[in-house]
Amino acid sequence: MTGTNTSEHEKYDENFLKKFSRDFCQKIIELINKNDLNTLENTLKDWINNINKNTETILESMQNHKENESLFSSIIGFFYQYGIGCIVDKNKALELYLLSIKIEKEFKESFIVHLLEKSIINEFEISSQNINIIIGNFLLSLFYYKDIILDERNLDKCLISARKGDLVAQYNLGKYYYNGKEITQDYHKAFLWFSRSANYGYVNSQHILGKCYYHGRGTVQDYKKAIEWYSKSATNEYAKSQYNLGLCHENGIGTDIDKRKAFEWYSKSASNGYAKGQNDLGRCYEYGEGVEQDSNKAFEWYSKSANNGCAKGQSNLGNCYYYGKGVTQDYKKAFEWFSKSADNGCAEGQDSLGYCYKHSKGVEKDYEKAFIWYSKSARNGYGKGQNNLGDCYYYGRGIEQDYEKAFKWYFKSANNEYAKGQNNLGYCYKHGKGVTKDYKKAFEWYFKSANNDCAKGQYHLGFCYHYGIGTSINIEEAVIWYKKASNNGVVRANEELKKLQVSIN
């Protein structure tokens, strides 16, 4: 038998294809009436594969039919969505579903509504074209909204179980209200359901009830009650609550500042595998907060946090490698961890990655990539990244020089209390870079920068006092700030001090 004859023999005739289309539609109706959307696609796939026909040939026959778009586009889409007789191509599947619902200009109601209401549409005599439209509407709805439909059903089950006293269901119902998922967000109702579950000892609810009090969601903000519920959950070994207690003790929220207690709670959270707790425990060891400083242990806990996917932990581990803290200095490994942190959305990691590209640390120098990562860091609200992005625009590194944009990013950085950004903003005002020259504002920003310990800001503030720029001449203040700048390594401050000594003598 020739290849041509074989092909013609294996192609399925129009009667088979139309019956296949009707049976496919009927199968969908049966499955919907069984109220099981969760396994519907897999059941349909199994049904197709058990027809005892070659699925590749079925697909080919539908595609080659002269009216394939109007009669079979929806089923062809299903084949491509799940790789039946072809390679999976979800984009093509979506295109075919959309095509099927464009065929008829006016389609009054989507099939998904009929099916969910258990319509008797299967009792009507409908054309093959309408079958294609019906299937297309349903599969498109399922493609887009399956998770929503299932969530609505889960919500109903959750509500029934919660009313029967199921603690887990009460917690889950609270989360539905708290997050506004498939239901109108209502912190008050969320608080009530969390309270029911928490009062009977469910640790997850105790934790999130603490969050409600902490943020004033569904109840009056009350830090002491937040600590009370965090404590109950933490005592039951819930790592997130242990971490939050650490934050409260470290920052004096609802209690007195107690670095030692903060360290203890971070330790418990970290030991229970919570990545954020591991990162903050590493920070305690790095800076000696609540415990004796220990770079080796800082590296150890940053490593655990980083390997558990914490973006800040990855950034801090990168810093360990970059500066050789607790480990041998290694710029390549620093670059690798900054990259992971940056890809996970950490603004600090994105800024550090930009720095590596700018200064060729662990990677080949690339100003354009430095600009890209500084941009991401800046747009994530990081003051240092905003300042570095301002530098890119100011000096034309990785992007065309633009003083106005430089000023814009220095301004954002300065208002985020970044001292170098404040100094650079003062410089823009002093020299009219990207903004109208204004000595008074230059002085104000130099003053803020200097008091935030920026050495260049201290030098510039001394210069303003020395020469009366934006303020009255004040030699005594000039000397004070020049000396501070000099002690922080600004050579020009020594030169100005010598000028003052000569003028005084």
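The values are calculated or read from the model by the stated rules, or taken from the named source; none is laboratory data. No experiment lies behind these values; they were computed from the predicted model shown. No Cβ is skipped: glycine too gets one built from the backbone with ideal geometry, and neighbour counts run over all protein chains shown.
Scanning segment 356-394 for residues that are among the polar types (S, T, N, Q), in a helix (DSSP H, G or I) and closer than 22 Å to residue 321 by Cβ turns up 377, 388. Selection of helices (runs of 4 or more DSSP H) fully inside segment 442-505 by the criterion of at least 2 residues being of a type in the set (A, V, I, L, M) and in contact with a His (Cβ under 8 Å, 6 or more places away or on another chain) returns 475-487. Please verify whether residue 229 is of a type outside the set (A, V, I, L, M) and at pLDDT below 95, treating the condition exactly as stated. Answer is no for this residue.
The residues listed here are 51, 58; of these, the one that is out of contact with any Ser or Thr (no Cβ under 7 Å at 6 or more places or on another chain), at pLDDT 80 or above, in a loop (DSSP other than H, G, I, E, B) and under 15 Å from residue 24 (Cα atoms) is 51. Only a single item in (1) surrounded by 15 or more Cβ atoms within 10 Å (Cβ to Cβ); (2) among the basic types (Lys, Arg); (3) in a loop (DSSP other than H, G, I, E, B) is not met by residue 437, and it is number (1). Among the numbered conditions (1) more than 21 Å from residue 225 (Cα to Cα); (2) crowded, with 21+ Cβ neighbours inside 10 Å; (3) under 26 Å from the mean Cα position of the chain (by Cα), the only one that residue 204 does not meet is (1). Listed by first and then second residue, the pairs linking a residue in segment 295-314 that is buried (at least 17 other Cβ atoms within 10 Å of the Cβ) to a residue that is of a type in the set (Phe, Trp, Tyr), with Cβ atoms under 6 Å apart and 6 or more places separating them unless they lie on different chains, are 297/285; 298/285; 313/302; 314/337. Identify, please: which residue in segment 46-63 is of a type outside the set (Phe, Trp, Tyr) and either in contact with a Lys or Arg (Cβ under 8 Å, 6 or more places away or on another chain) or without any contact (Cβ under 8 Å) to a residue 24 or more places away in the chain (or both) and is, among those, surrounded by the most Cβ atoms within 10 Å (Cβ to Cβ)? Residue satisfying both the conditions and the ranking: 61.
Condition check for residue 105 on (1) within 18 Å of residue 133 (Cβ to Cβ); (2) in a helix (DSSP H, G or I); (3) at pLDDT below 85: one failure, at (2). Taking the conditions exactly as written (surrounded by fewer than 19 Cβ atoms within 10 Å (Cβ to Cβ), assigned to a helix (DSSP H, G or I) and either among the basic types (Lys, Arg) or modelled with pLDDT of 95 or more (or both)), does residue 260 satisfy them or not? The answer is yes for residue 260. State yes or no: is residue 446 farther than 30 Å from residue 366 by Cα, modelled with pLDDT of 95 or more and touching a Leu at 6+ places or on another chain (Cβ under 6 Å)? Answer is yes for this residue.
A quick yes/no check of all residues on (1) in contact (Cβ under 8 Å) with a residue 40 or more places away in the chain; (2) in contact with a strand residue (DSSP E or B) (Cβ under 8 Å, 6 or more places away or on another chain); (3) surrounded by fewer than 23 Cβ atoms within 10 Å (Cβ to Cβ); (4) within 21 Å of residue 167 (Cα to Cα):
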{"residue": "193", "(1), (2), (3), (4)": "no, no, no, yes"}
{"residue": "212", "(1), (2), (3), (4)": "no, no, no, yes"}
{"residue": "223", "(1), (2), (3), (4)": "no, no, yes, no"}
{"residue": "232", "(1), (2), (3), (4)": "no, no, yes, yes"}
{"residue": "242", "(1), (2), (3), (4)": "no, no, no, no"}
{"residue": "248", "(1), (2), (3), (4)": "no, no, no, no"}
{"residue": "256", "(1), (2), (3), (4)": "no, no, yes, no"}
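Of the candidates 355, 374, 331, 367, the single residue that is out of contact with any Gly (no Cβ under 8 Å at 6 or more places or on another chain) and among the aromatic types (Phe, Trp, Tyr) is 355.
Close contacts from segment 487-504, counting a first residue that is free of Cβ contacts under 8 Å to residues at least 40 places away in the same chain and closer than 14 Å to residue 455 by Cβ and a second that is surrounded by 11 or more Cβ atoms within 10 Å (Cβ to Cβ) and hydroxyl-bearing (Ser, Thr, Tyr), with Cβ to Cβ under 7 Å and a gap of 6+ residues or different chains, come to 490/459; 492/459; 493/459; 493/482; 493/486; 494/486; 496/482.
Only one of the numbered conditions (1) among the hydrophobic types (A, V, I, L, M, F, W, C); (2) modelled with pLDDT of 80 or more; (3) crowded, with 17+ Cβ neighbours inside 10 Å is not met by residue 140, and that is (2).
Whether a residue is farther than 27 Å from residue 278 by Cβ and under 24 Å from the mean Cα position of the chain (by Cα) was assessed, and residue 183 passes this test.
Summed over segment 371-420, the residues that are touching a Phe, Trp or Tyr at 6+ places or on another chain (Cβ under 7 Å), surrounded by 24 or more Cβ atoms within 10 Å (Cβ to Cβ) and either in contact (Cβ under 8 Å) with a residue 60 or more places away in the chain or over 24 Å from residue 360 (Cβ atoms) (or both) give a count of 1. A single entry from 85, 77 fulfils the requirement of being part of a loop (DSSP other than H, G, I, E, B), small (Gly, Ala, Ser) and modelled with pLDDT of 80 or more: 85.
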